[in-house]
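Here is the structure we will look at.
The values are calculated or read from the model by the stated rules, or taken from the named source; none is laboratory data. Since we're looking at a predicted model, the values are computed, not measured. Backbone-built Cβ (ideal geometry, glycine too); neighbour counts: all protein chains shown.
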Amino acid sequence: MTAWLRAEGLTKRFNLVTAIGDADLALEPGEVRGVVGPNGAGKSTLMQMLAGIHTVDDGELLIDDVAVRFRAPEDALDAGIALVPQEMQLAPHLSVAGNIVLGREPRRRGMVSESRSRQSAERALGRLGAGIDPSAPIHTLSAVERRLVMVARALVSDARLVILDEPTAALAPHEATAILSMVRTLAETGVSFLYVSHRFDDIEAIADSVTGVRDARVIADLARTEITRPRLVELVTPVDHVSHRVAPAREAVAAGSRDILVVTDLVAGPLQGVSVNVCAGEIVGVAGLAGSGVDELMWAVAGIDARRSGTVVVEDAPLRSGDRLHAVKAGIAYVPGDRSLATLPSHDVRSNISVASLLDVSVAGVPVARREQSRVAKLAERVHLAAPLGMALSSLSGGNQQKAIFARWMATDARVLLLHDPTAGVDVGARAEIHQRVRELAAEGNAVLVVSTDLPELIELADRILVLDRGSVADELVGSAITEPAVLAAMTSGVPSISQTALKESA
Amino acid sequence: MFPNSSTSQMEYVMKLGPQRRIGAIASVIVAAALVLSGCSTASAPEATSASGLPVKTIGVWQSQASGDGEKQTLSAIQAAADAVGWKTVVTDSNGDPKAMASTMQSLITQKVDAILTVYVATGLIAPQLKAAKAAGIPVISVGYQGTPTDDLTAEYAPDQAEQTTMLLKRMGEDLPNGGTVAPLAVAGYYGIDQEVDTLKSEAGTYKFTPLERVDVPVTDIFGGTTSAAVDVLNANPDLAALFTTLDIGAQSAVPALTQTGRDVPIYSFGAIPGSLAFVRTGEVTLVTSDGAKSGFIAVDALLDYWVNGTAIPKTTPTEDAFEYTIVDKTTAPADGTEVYPEADFAKPFLDKWKTEYKI
Amino acid sequence: MSVAAAGTPAPAPAAAPAARRRTAGGTVERFTLPAVFIFTIVLFSVLKPAVFPTATNFIAIVQQNLPLLVLVGGICVVLSLREFDLSFGFIAGASGALAVQSMVLWQMPWGLAVLIGIALGTLLGAVNGILVAYTRLPSFIGTLATGATIQGVMLAISNQTIFSGIDPDYINITSASVGGFPIVIIVVAVLLVAVGFLLRSTVFGRHASAIGDNPVAARIAGVNVKRTQLLSFMLVGACAGFAGILLTSQSGQYYPDPGSSLLLPAFAAAYLSLSLGRGWRFNVGGAVLGALFLAVVSTGVTMLNQPSWLAQLLQGLILLIAILALNRRRGTR
């Protein structure tokens, strides 16, 4: 078989920055191609060019050897290319069929035809092999079923290529199986897939070939036989020199220094009596699947949500439940990956950094501009934030926004740093820098608690990793025991695991 | 409400969270307020007629009840209805056009026997007026002229044009050299339009030059009139007189004189207590009428209609014609008394009803 | 607020702040509204040279709008929190009623009556603040409800004009002047400068602005959101109380529901401030300018002996221009 779709030298620039340059790609009918690379490497931009969301600055896209040029996503859809984004929104109160045909409703005399909508939805679902009732409202569906509906949406437009962006990111490993078998089934009918994922298990199970993207370039094109775990790990490991791990003052931790944060028998949301302590200079990671309680642990310790029982003690001072102000005064900093929880978007960088420590630079409740400025400038320098301080925060890149939030907490007397996906949506360079700051802050004697869905990040940062499973601590890994398979195994220990080989055989 | 039930209510309230507690407290207050108002309604004496007159219920529709002129009219209506043993259902639309339609509709739905509209804006309740006509409920406009419409059964209201003519004559006497006159008005009221139109057409007789009328917002008649008066005074250093068209116009124009330090006479309409205060101090001269009498005229007409079957006269009967008079510093009544006391204009009606209907 | 300066040709004072603002961008949008403002004043001055560009007229415009200006100062604080207060007009009315009644019914001295009026305003503002901050009632509908309740109680207590028994000194609050310049204007100017400073330059104001930008982030950053909300509503209440005193003092009498008509002009002025001040934020200076501008239009139209609908039309168009400028500015982000 020969490739029906070929991309040659595709390039996209934003202003002067090349998001992806000179990218080549070829797809055969029924081919499932994994797309692998670190965050911010240019994978998404490449996919979005193929789907007509971004126009192509340079290079050529050939479909059946004919050059095409997409001006809008509709053009790509007409050419048979559909993108299922990671954060795709469905209309929760519409039916499954309604969502599948949304925007492409079959009409009869100008009116939407219910029966024909239902028929085409049933056909699409049938091709997926998914037994979903087309008349069920979306909000009654599970996360997997919703993901399948999104793919069915793509099939209604007779897609020859379906691009899946992190389709299993929000799913437990056993749930992901349903997605994988769907991809298999469809590929056999001749539909090609581009499968963007951080999950090596998925890639190994499903991909016929792999494209590696890093630093805005395509750096690898692996055939089926070349797909091995070490090769994949190599593809996502940043080569940036700043990212190499700088050993923090481990002695301080080893000397059994005193505990700064002590959480005892915490009960909140799904948490059922979780205890964690973090001592000065220590970085403790917490891993767990969605629903395991990792998020709730962060929110309860930060005082953002109330706890039902248990204690949170910072330097011998117990914290009141659900009292964020008290927690801040006690020195608990919270850096979320979801920046809508942290940024003041239309305020300038200066105000964003100083908002938590305004009283310190004030005389009689009035901030002294000179003191504020010098303090903010010093902190901005420390976190290597290059943007002008008078610029609105929303006009900064994700990485710079995150640096500003770090600077905000460094301005306070925080002793405990809670990091919640601290590098989500941050480019590779900034990610390494942020990791460096975290290590420095720990080395200064602060206690750091990290929750991350990005396992490599946890493994890179943490001295110790607690694994939560359905509200309880399932495992604790220290030092050399911290490896990705070990953490993954602990995360999914309570979940009936499905042998990947069994899946392949069935396919 | 039994003491027991209220204790259990309180216990219930205490068990709830803070948000629900406030909601619950609010609902208890609302319930208490409703019970209270229910009690006061129920405690009103049952209208029974000792004299054998038909027992009737009169709906009173008011566009805006808080004005003093409106209050005088309502008081007269209630006095007249009490005298013949009729019940009244009083509504107030607070100047809100939507409420005007809905209160009118509610009176029709309640099947009152007749409706008296006080200071009517006929355009705003045109559909309801048609509905009342269809339902055979007589609707009589009292107190103030509304835009003429066939859907009103009758209108008994003093003539604003006639009063303006009187006022202009007086202005001519006070200001023999004429001069610039500034009319301050509110848009959309038929009576006010009558006043301004008469001013324009007759001003020449007395060498007056009227300025363009300033319409103040309906929602801010008082403050708007004061501001407009200040502006007009500042714009016209030689202004001869301010001409305010509403009954509260006089009292809201006076602060403008204080603020600008000017001494321009104000000519106005309606002897309500607020404006009389400034008539006594000499800032204001006004023309007024016994418009509140219209309540008695309406009840008289309805009595005649229901007892004797006489058709309701469409306009004020000549024997009941309204009186008009100019009130100035020298003729103003003492504080606490009125130019046309209710007792005076009520007496002929009460006497007549005593003899004719044996009330 | 310099009334004398407003009479002299204005380009110089307008250019100075513009230079400071240059970094914030959106030059055309930024100058649209001030340009319309200056053009309007020049136009009226040319058409009515004898009476419009006079100190008397400008003092009169400011004086007429003092209650509005006081309210505008307060409402800017609440709006910068991105909350609404729809009850302040009624709070002003209730405060004015109580102040007058305490003199008429209880023979209190005027100074005490003023304090009682402002205290009632602050108290009612605190009620709003508690409802919004501590029971998380949406402020728009919450203050609509409290406003209606306050209006009901106010009408029940004094449903008529009260004109006798008011201490002449109380009326003097707004009519006393030195050399033809009303003292109350200075008092209000000082108050507005203070509120403007509070909003722009203090920790309280900075926190309020942070809450307005992102309430969740502000809470997580350790800003006392509830206390800031409560204090802001109390501040609006106090301003409304003072406005109620000014309203009744100015008219020399209490008339039913005097403050309700101030609601929409106050919001209009506050939204004009978005296009008039620095950084496209609610600011007291811009709002005061906006309120006076709208007042100048209606005065000018009256002075030109033009029909009143023209003033309404022009005011509507001005608001529209301001909002369009704001939208274009947002679009360029």
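Do we have any residue at all in region A:33-52 that's within 26 Å of residue A:423 (Cβ to Cβ), in a strand (DSSP E or B) and touching a Leu at 6+ places or on another chain (Cβ under 6 Å)? The answer is yes; a qualifying residue exists. Of the conditions (1) among the polar types (S, T, N, Q); (2) free of Cβ contacts under 8 Å to residues at least 24 places away in the same chain; (3) within 30 Å of residue A:486 (Cβ to Cβ), residue A:292 satisfies every one except a single condition; which number is it? The failed condition is (2).
Scan C:151, C:63 and give me the residue that is within 11 Å of another protein chain (Cβ to nearest Cβ), of a type outside the set (Gly, Ala, Ser) and surrounded by 22 or more Cβ atoms within 10 Å (Cβ to Cβ).
None of the others qualify; the one that does is C:63.
Among the candidates A:122, A:74, the residue that is of a type outside the set (Phe, Trp, Tyr), within 25 Å of residue A:46 (Cβ to Cβ) and touching a residue at least 12 places away in the same chain (Cβ under 8 Å) is uniquely A:74. Determine if region B:208-231 includes at least one residue that is facing another protein chain (nearest Cβ under 9 Å), touching a residue at least 24 places away in the same chain (Cβ under 8 Å) and assigned to a strand (DSSP E or B). Yes, region B:208-231 has at least one match.
Looking at residue C:194, is it surrounded by fewer than 15 Cβ atoms within 10 Å (Cβ to Cβ) and assigned to a helix (DSSP H, G or I)? Full working, then the answer.
Numbers: surrounded by fewer than 15 Cβ atoms within 10 Å (Cβ to Cβ): yes; assigned to a helix (DSSP H, G or I): yes.
So residue C:194 fits the description; yes.
Among the residues making up region B:254-299, those that are away from every other protein chain (no Cβ under 14 Å), part of a loop (DSSP other than H, G, I, E, B) and at negative phi are B:263, B:264, B:265, B:290. Of the residues making up region B:232-253, those that are more than 9 Å from chain C (Cβ to nearest Cβ) and either without any contact (Cβ under 8 Å) to a residue 12 or more places away in the chain or of a type in the set (Ser, Thr, Tyr) (or both) are B:244, B:245. Before we move on, is residue B:204 in contact (Cβ under 8 Å) with a residue 60 or more places away in the chain and either within 14 Å of chain C (Cβ to nearest Cβ) or part of a helix (DSSP H, G or I) (or both)? No: the conditions fail for residue B:204. Just for region B:133-170: of the residues that are small (Gly, Ala, Ser) and within 20 Å of the chain's Cα centre (by Cα), which one is nearest to residue B:122 (Cα to Cα)? Filtering first and then ranking leaves B:146. The combined condition, being within 14 Å of chain B (Cβ to nearest Cβ) and touching a Ser or Thr at 6+ places or on another chain (Cβ under 8 Å), is fulfilled by residue C:308.
Is at least one residue of region A:185-194 in a strand (DSSP E or B), at pLDDT 80 or above and among the hydroxyl-bearing types (Ser, Thr, Tyr)?
Here is the first cut: in region A:185-194, the ones in a strand (DSSP E or B) are A:192-194.
With at pLDDT 80 or above added as a condition, the list becomes A:192-194.
Add one more test, that the residue is among the hydroxyl-bearing types (Ser, Thr, Tyr), and what stays is A:192.
Scanning region A:185-194 turns up at least one residue that is in a strand (DSSP E or B), at pLDDT 80 or above and among the hydroxyl-bearing types (Ser, Thr, Tyr).
Here residue B:333 does not qualify as in the same structural domain as residue B:232 (by TED's automatic domain parsing) and in contact (Cβ under 8 Å) with a residue 40 or more places away in the chain.
Please verify whether residue A:166 is acidic (Asp, Glu) and in contact with a strand residue (DSSP E or B) (Cβ under 7 Å, 6 or more places away or on another chain), treating the condition exactly as stated. Steps first, please.
Numbers: acidic (Asp, Glu): yes; in contact with a strand residue (DSSP E or B) (Cβ under 7 Å, 6 or more places away or on another chain): yes.
Yes; evaluated as a whole, the condition is true for this residue.
Among the residues of region B:308-325, what is the count of those that are assigned to a helix (DSSP H, G or I) and modelled with pLDDT of 95 or more? Don't jump to the end; show me each part of the working.
First, the residues of region B:308-325 that are assigned to a helix (DSSP H, G or I): B:308, B:318-320.
When the remaining residues are screened for being modelled with pLDDT of 95 or more, the result is none.
Qualifying residue count, region B:308-325: 0.
For region A:445-503, taking the residues that are under 13 Å from residue A:286 (Cβ atoms) and among the acidic types (Asp, Glu), the one that is modelled with the lowest pLDDT is identified as A:454. Please pick out the residue among C:319, C:264 that is within 9 Å of chain B (Cβ to nearest Cβ), free of Cβ contacts under 8 Å to residues at least 60 places away in the same chain, surrounded by fewer than 24 Cβ atoms within 10 Å (Cβ to Cβ) and within 17 Å of the chain's Cα centre (by Cα). After ruling out the rest, the residue left standing is C:264.
Please list, ordered by residue number, the helices (runs of 4 or more DSSP H) wholly in region A:291-401 having 3 or more residues that are more than 9 Å from every other protein chain (Cβ to nearest Cβ). Walk me through it before giving the result.
Numbers: elements: A:294-302, A:324-330, A:349-354, A:369-382.
Those helices (runs of 4 or more DSSP H) span A:294-302, A:349-354, A:369-382.
Where strands (runs of 3 or more DSSP E) fall entirely within region B:16-133, those with at least 2 residues that are within 14 Å of chain C (Cβ to nearest Cβ) and modelled with pLDDT of 80 or more are at B:87-92.
From C:158, C:95, which residue is within 11 Å of another protein chain (Cβ to nearest Cβ) and touching a residue at least 12 places away in the same chain (Cβ under 8 Å)? Explain how you work it out, then say what you get.
On the way: C:95 fails: within 11 Å of another protein chain (Cβ to nearest Cβ).
Among C:158, C:95, only C:158 is within 11 Å of another protein chain (Cβ to nearest Cβ) and touching a residue at least 12 places away in the same chain (Cβ under 8 Å).
Kindly evaluate residue A:445 against the criterion of being part of a loop (DSSP other than H, G, I, E, B) and either over 23 Å from residue A:236 (Cβ atoms) or among the hydroxyl-bearing types (Ser, Thr, Tyr) (or both).
Values: part of a loop (DSSP other than H, G, I, E, B): yes; either over 23 Å from residue A:236 (Cβ atoms) or among the hydroxyl-bearing types (Ser, Thr, Tyr) (or both): yes.
Taking the combined requirement at face value, the residue satisfies it.
So if I check each of A:9, A:34, A:52, which one is without any contact (Cβ under 8 Å) to a residue 60 or more places away in the chain and surrounded by 23 or more Cβ atoms within 10 Å (Cβ to Cβ)? None of the other options fit; the residue is A:52.
Restricted to region A:408-441, and to residues there that are modelled with pLDDT of 85 or more and within 12 Å of chain C (Cβ to nearest Cβ), the residue that is surrounded by the fewest Cβ atoms within 10 Å (Cβ to Cβ) is A:412. Of the residues B:198, B:180, B:164, B:109, the single one that is surrounded by fewer than 20 Cβ atoms within 10 Å (Cβ to Cβ) and in contact with a helix residue (DSSP H, G or I) (Cβ under 7 Å, 6 or more places away or on another chain) is B:198.
Restricting attention to region C:304-333 and to residues that are modelled with pLDDT of 75 or more and of a type in the set (S, T, N, Q), the residue that is farthest from residue C:275 (Cα to Cα) turns out to be C:305.
Within region A:103-127, if we keep just the residues that are at pLDDT 80 or above and not charged (D, E, K, R), the residue that is farthest from residue A:199 (Cα to Cα) turns out to be A:115.
In region C:32-50, the residue that is nearest to the other protein chains (Cβ to nearest Cβ) out of those that are surrounded by fewer than 18 Cβ atoms within 10 Å (Cβ to Cβ) and over 25 Å from residue C:270 (Cα atoms) is C:50.
Working only within region C:199-224, note down all residues that are surrounded by fewer than 20 Cβ atoms within 10 Å (Cβ to Cβ) and either out of contact with any Ser or Thr (no Cβ under 9 Å at 6 or more places or on another chain) or away from every other protein chain (no Cβ under 13 Å) (or both). C:201, C:215, C:224, listed by residue number. Taken together, the residues in region B:80-102 that are without any contact (Cβ under 8 Å) to a residue 24 or more places away in the chain and under 17 Å from the mean Cα position of the chain (by Cα) amount to 2.
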